[in-house]
Structures are given as structure tokens and as C-alpha cells.
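> Pasting a structure below so you can have a look.
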Amino acid sequence: MQPSETAQRVAVAHVWPEIEGGRFPIKRIIGDVVTVDADVFADGHDAIACALRFRHQRERRWNETPMALLSNDRRRGAFVVDQLGRYHYTIVAWPDPFATWLSDFAKWLNAGNDIRMQLAIAAELVNAAAARARGADRTTLRAAAARLGAADDGAVAQARDPDLQSLVARYADRSTATAYDRELEVIVDRERARCAAWYELFPRSTAPTPGRHGTFADMERRLPYVAELGFDVVYFPPIHPIGVTNRKGKNNAPFAGPGDPGSPWAIGAGSCGHDAIHPDLGTLDDFAHLLAAARALDLEVALDLAFQCSPDHPYVRDHPEWFRRRSDGAIQFAENPPKKYEDIYPLDFTTISAPALWEELRRVVEFWIGQGVRIFRVDNPHTKPFTFWQWLLTEIGRAHPDVIFLSEAFTRPNIMYRLAALGFSQSYTYFAWRNTRAELTDYFTELTQTSLREYFRPNLWPNTPDILTAYLVDGGRSAFVIRFVLAATLGASYGIYGPAFELCEATPLAAGKEEYLNSEKFEIRHWDLDRPESLREIITRVNTIRRTNPALQADVGLRFHPTDNENLLVYSKSTPDAGNVVLVAVNLDPLWVQSGWTDLSLSALGLDPARPIEAHDLLTDTRHRWRGPRNFVQLDPAVMPAHIFRLTQAPEAR
């Protein structure tokens, strides 16, 4: 301890939100209020003044707002984040002798004691504040000190004047102030980082006739379909040239046949790599035209960011030092035992040449940002160093705070959570494999009711080109409806891989495999969007419900309600002001009718349990009048396996 610190009497502890001692930032959306709590206390019984300090990364001077006492020593302050980028926040506190005096003065008055000496002390305190003030404030404080010192009839009113108390506080003596020993950070993103409906499709499979490679022009003609379904983001797998060496054939066959297009994730051919477009898709000008067409439909295009190479990538020729070698000297191809990806070479992020590699990959991201892309889905980020992502996301965020990164990491929880803490805007989850009521309740309670809510934004996908779960394979069309409703209402952000999902594609590569037969990863598909089993109408309706109900546009406010049937999942979402309350009931059994009773926490939802409730089913446009918290639910998966109710207080019947 330094001698200058011996006068510091105030302690600041247990600050929240704070992730791993301030090592990582929390996340908010522009316009959000950041609420900060802390225990602030000192020795003795003196009053304490406390301020929450905050500033945007581009500001040098701190802004301050008072922290109010909640109970005991717990204090709370708040500030609004109205700019994208990073904010810093911390706490400063100091003894407040004038507030201490005021508290004691009230006791002196109540006891009927002589108060002249107390008023003289107050005059000294106010004069000290005047010495620190300037201009008109100094004059006002000196005049107040004189009135206090005179100890006349107006002195007591002067002492109790809120304006005087505020002015003295403005010029407080902070020479013994305690500043919290760290600056905390908050990343502020745009709204789409919190709430979005994603639709993944392969542009090469959008040609109007079977057997032809789709183009960006074909994709442009598909955009109205995606927009009409109600999606916000249309996501493309890699759009770059595909290597020929070790190209995979249909269903991941080790050898490609004539005309097999290869996997889009085997990036690079000839002189073209991550900053080029597959020639069969079109040109950069065609891509720019596609982006403009998407914006006109209020759609954003997300690109896949896959930092890996085919053996034909120019990096392999020009920078062999960026790749790992096998014992025989050959470059190591990708493996995920028992799977082998001979058509892909992973990059080595830890070689002596890593700084040049890192800068090149940043250039790639900047290139696509320059083309107008503001959303990236990042392929397998958990196979690259944490330090790389922390560096890249910080650098890109500083220059382009509106860019959103989705982490595609299906791996151990700690790794997924660390990637989110490093700065990924959104993250894939285990949702696809959480099927029972207990699994869903436990998992989403973890995501929304623990410290994860401060920095981990879930994006729920019931399927991907790599994931076809047994639930979808075995459950038929109803299983797809169930998983869709769950994804779209449990999460503010969700996505589907289409058209496979809305057309209920459910044929696995083999029994027990979570991969599609005739996967689009290895061949061009032609989709009949008008097939009778299509979920087009349901998807459109649910996305409309999401857009018209703010409660579904955030992950806060999620509550699970008990039922007496484990096949029924009942949960609600509500806005903080309880102005919008949505209740969802889902039959988790895709094969059989399920029924049961649920008990709703109406008071917690801002509804009066003593008055009737109107439950408007937004899926079927039917209305029900409920009384009390206990209600009956019956759902037939062959008809509609879910309810999405909007709850409002109904008027009393006359």
C-alpha cells in the first residue's frame, strides 16, 4: 500500500455485471440501459457518496451518474448505451461529510439541543465546497455558508435546502476517494445481434431447372420467397472457388465423379481464394446486385467465414509455412475421427509465421465488409486459438462496430462460452439435442437465468447441413413443427437450414447417422418449394407473431410453468413492463395427443389472478377466457402441436 492510500476509507466490492473479474466484456444492444450494482461501504458510520462512471471508447472524459442505496450497503446506478462499439464503466466512492452532518443534524433537532455549534460545522463544510467551486456556484455556496454561520431562523431551512445539498455534492472533496481497481467493458451491438430469424441455403441449388448450377441471379429470384417467410437474415455457405484435388463426391465419397461440384468448404482454386467468388455463381458485381436486392426486401446477407483451404488454394503454394506438416513432410489434411477431410487443409495459427497469417485473415474479413457484408457465420471457431479470435473480433469491432459474428462451435460448454466472452455476437447451442421437458427447462434456465445472459446470445437451429437429429427423422412432419415453434419462441434468434427444413427432409445417410442422404454439401439439389408437406404457412405465421410481439424479441423474461404431464412444455415471455405477455404450450410428443393441467404464475407476468384472462391463440386465431392460474391444455400433433397465446386482462363479464 502506498502512503497516499492510507486515507481511503471506502471499499467497493461485488460489482455486477462483471465477467471473470473484468477480463471479458458484457454485451448489450444500442439503446439498452446498463444497470450496475455494487457493495460500497466504509469504516464507521459516515455517509458515502458513490458514482457510476462510464464513457464510450471514443471519449476521453468520464460521464458520471449517482448510485442510489438499495439496502444495507448495496448500491445501484445505470446508464444508457446510445452508440455502437465499446463502453467502459467503473465506480468511484468517497466519504460525504455534509450528508453525514445532515443525518446527525436531524437527530440534534429532534432532541431539542442547541444547534448553533452544528450550524457552524455546516458552514465550514459549505465554505470548503465553495473553495472548490467556481463562478456563480462559488458565490451561492459562500452566501449559504454565511446564513448557516449566522444561526438565525433561516439557517435550518437553508441546511435542509435540496439545492444546497446538490451543490455541495457537486463540489465534494474527493481527495480520499476510492476508485474501483478495474475498468469494465460492455460491447454494444445493433438490434439484429439480439433478435433475428436466419435462413440458410446454398445459392448453387437455386437454379429453376434441375441439373444446373445456380447463380446469384437465381438466388436473387429466390429472395422474395425467403422474405415472405418472414426471415431477417439469409445465410450462404462459402461462395468461393472450390478445389479439385481430393474433391469429394456425393455423400462424401472419397472420389468425385464427373460433374460433382465438391464441398464449398474446400476453399480455393488456382489463383483464387477467400476473397474470390465461384465463377459459376457470378461476379463481384453480381454479388453487389444481390446484396442490394436483399436490402430492398429488408433482408441481410450473411457469409460463411471458413478459415481453411483446399489443396489448390493459393495460400498452399505461396505460404506453405501457414500449414502443419505430417511426419512424411506432406501437409496435414483435416480430420475429425473417424471422419477424414482430405479436400481441406487446416491453417496453423501457431507457427512462427502466425502474425502474417493473422493479418491476412483480417484482410479477408475487411474485404467482404468492403463489399457490404455485415454478418458472418464463423465455421468451427473452436479449432482456432482463443487469442486469435480475441484479437480479430476486437480489431474488427473497433473499426466496424455494426458487424455481427455468429460462432458455429458445437463443442464442450466451456469452449463455447469462452468464444462468446471473447466477443462473438451470437452462438450456436445444444438446442438440437435437447428434447425432453427437463432437458429444455434446465438448458434454457442456464442460458437465461445465470451470468451467461450477460454475454452469451443463443441462436437456436433445429437442423443444419451437418445436423439431422433422430427426433426429426423419427417424428415426421409434426416433429418439424414442434422444433420450429420451440426454436422461434424460446430464442430471440434462431435459424433453419432450408429448404430441407420447411420441406421436412428427413432421410439420413444411414441408420443412426445425423447426416442427410444426398447432402447439399456435396451435390447440387433442386427443391420443389410447393410440395404439400411444406411448413411454409406455419413458418410465415410464426415469424409474423415474432415481429408483432416484443416479448419474443429478447431472451429475458423467459419463465417455465409447471404441468402435470412431462410431455407438455409450457413457458412464457414478457416485456419488462408486462405490456406484452406471450404464453407458449408445446406437445413434445410428435406422435400422440397429450393433455394436462398447467399452473401459471400470473402475478409474475403482471396479470391479476383475480380477474379473467383472455388467451388469444395467435396460431389458430381462437380466443379463450380463463379464470385463475390453473388451466387445461390438450394438443394433437396431427392438427397443431402447439399454442402461442397472447395473454391480456379481460374485462369482467356484465
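> Going by the structure shown, is Arg531 open to solvent by 30 Å² or more (accessible area, probe 1.4 Å) and part of a helix (DSSP H, G or I)?
Taking the combined requirement at face value, the residue does not satisfy it.
> How do the pairs read when you match residues in the stretch 135-146 that are more than 17 Å from Arg160 (Cβ to Cβ) with residues anywhere that are of a type in the set (A, V, I, L, M, F, W, C) and open to solvent by less than 40 Å² (accessible area, probe 1.4 Å), using Cβ under 7 Å and keeping only pairs 6 or more apart or on different chains?
Asp137/Leu167; Arg138/Ala130; Arg142/Ala130
> Spot the failing condition for Gly512; the list is (1) modelled with pLDDT of 95 or more; (2) small (Gly, Ala, Ser); (3) assigned to a loop (DSSP other than H, G, I, E, B), and only one is missed.
For Gly512, the exception is condition (1).
> On to the next question. Could you tell me which residue of the stretch 152-181 is surrounded by the fewest Cβ atoms within 10 Å (Cβ to Cβ), considering only residues that are of a type outside the set (Gly, Ala, Ser), out of contact with any Phe, Trp or Tyr (no Cβ under 8 Å at 6 or more places or on another chain) and part of a helix (DSSP H, G or I)?
Pro162
> Based on this model, can you work out whether Thr507 counts as under 24 Å from the mean Cα position of the chain (by Cα), surrounded by fewer than 20 Cβ atoms within 10 Å (Cβ to Cβ) and hydroxyl-bearing (Ser, Thr, Tyr)?
Taking the combined requirement at face value, the residue does not satisfy it.
> Also, quick follow-up: Could you please give the count of residues in the stretch 510-525 that are more than 12 Å from Ala470 (Cα to Cα), of a type outside the set (Phe, Trp, Tyr) and surrounded by 14 or more Cβ atoms within 10 Å (Cβ to Cβ)?
Of the residues in that region, 7 qualify.
> Right, something else. Only one of these conditions is not met by Phe367: (1) in a helix (DSSP H, G or I); (2) among the hydrophobic types (A, V, I, L, M, F, W, C); (3) open to solvent by less than 10 Å² (accessible area, probe 1.4 Å); (4) closer than 30 Å to Tyr199 by Cβ. Which number is it?
That leaves (3) as the condition not met.
> Condition check: open to solvent by less than 50 Å² (accessible area, probe 1.4 Å), under 30 Å from Gly491 (Cβ atoms) and not in a loop (DSSP other than H, G, I, E, B). Does Val226 satisfy that?
yes
> Go through the residues of the stretch 182-193 one by one and say whether even a single one is over 30 Å from Gln553 (Cα atoms) and either touching a helix residue (DSSP H, G or I) at 6+ places or on another chain (Cβ under 9 Å) or open to solvent by 60 Å² or more (accessible area, probe 1.4 Å) (or both).
yes
> Okay, moving on. Looking only at strands (runs of 3 or more DSSP E) that lie completely in the stretch 9-68, which have at least 1 residues being of a type in the set (Lys, Arg) and open to solvent by 10 Å² or more (accessible area, probe 1.4 Å)?
It comes to 26-29, 48-56.
> Take the residues in the stretch 375-395 that are out of contact with any helix residue (DSSP H, G or I) (no Cβ under 8 Å at 6 or more places or on another chain), among the β-branched types (Val, Ile, Thr) and in contact (Cβ under 8 Å) with a residue 12 or more places away in the chain; name whichever of them is farthest from Phe307 (Cα to Cα).
Checking each candidate, the answer is Thr394.
> Residue check, Pro337 against (1) surrounded by fewer than 14 Cβ atoms within 10 Å (Cβ to Cβ); (2) touching a helix residue (DSSP H, G or I) at 6+ places or on another chain (Cβ under 6 Å), all met but one. Which one?
(2)
> Being farther than 30 Å from Pro401 by Cβ and at pLDDT 95 or above is true for just one of Arg74, Arg55, Arg86. Which residue is that?
Within the list Arg74, Arg55, Arg86, the selection yields Arg74.
> A further question follows. Might you let me know whether the stretch 325-334 holds any residue that is under 23 Å from Tyr428 (Cα atoms) and either open to solvent by less than 80 Å² (accessible area, probe 1.4 Å) or in contact with a helix residue (DSSP H, G or I) (Cβ under 8 Å, 6 or more places away or on another chain) (or both)?
Yes: the stretch 325-334 contains one or more residues that are under 23 Å from Tyr428 (Cα atoms) and either open to solvent by less than 80 Å² (accessible area, probe 1.4 Å) or in contact with a helix residue (DSSP H, G or I) (Cβ under 8 Å, 6 or more places away or on another chain) (or both).
> Would you pick out the residues in the stretch 69-82 that are part of a loop (DSSP other than H, G, I, E, B) and touching a residue at least 40 places away in the same chain (Cβ under 8 Å)?
Listed by number, the residues that qualify are Val81, Asp82.
> I'd like to check which strands (runs of 3 or more DSSP E) are fully inside the stretch 583-654 and have at least 2 residues that are at pLDDT 95 or above and more than 23 Å from Arg541 (Cβ to Cβ).
Hits in the stretch 583-654: 594-599, 630-635.
> So Ala642 passes all but one of these: (1) open to solvent by less than 50 Å² (accessible area, probe 1.4 Å); (2) over 30 Å from the mean Cα position of the chain (by Cα). Which condition number does it fail?
Looking at each condition in turn, Ala642 falls short on (2).
> Consider Asp442 carefully, then state whether it is more than 15 Å from the chain's Cα centre (by Cα) and buried (at least 17 other Cβ atoms within 10 Å of the Cβ).
no
> Test Thr411 against the criterion of being hydroxyl-bearing (Ser, Thr, Tyr), open to solvent by less than 10 Å² (accessible area, probe 1.4 Å) and assigned to a loop (DSSP other than H, G, I, E, B), and give yes or no.
no
The values are calculated or read from the model by the stated rules, or taken from the named source; none is laboratory data. None of the values given here were measured: they were computed from a predicted structure. Don't worry about glycine lacking a Cβ; one is built from the backbone with ideal geometry, like all the others, and counts go over all protein chains shown. The protein model used for the area step is the full one, side chains on, heavy atoms only, and it has no ligands, DNA or RNA in it. Shrake-Rupley method; radii C 1.70, N 1.55, O 1.52, S 1.80 Å.
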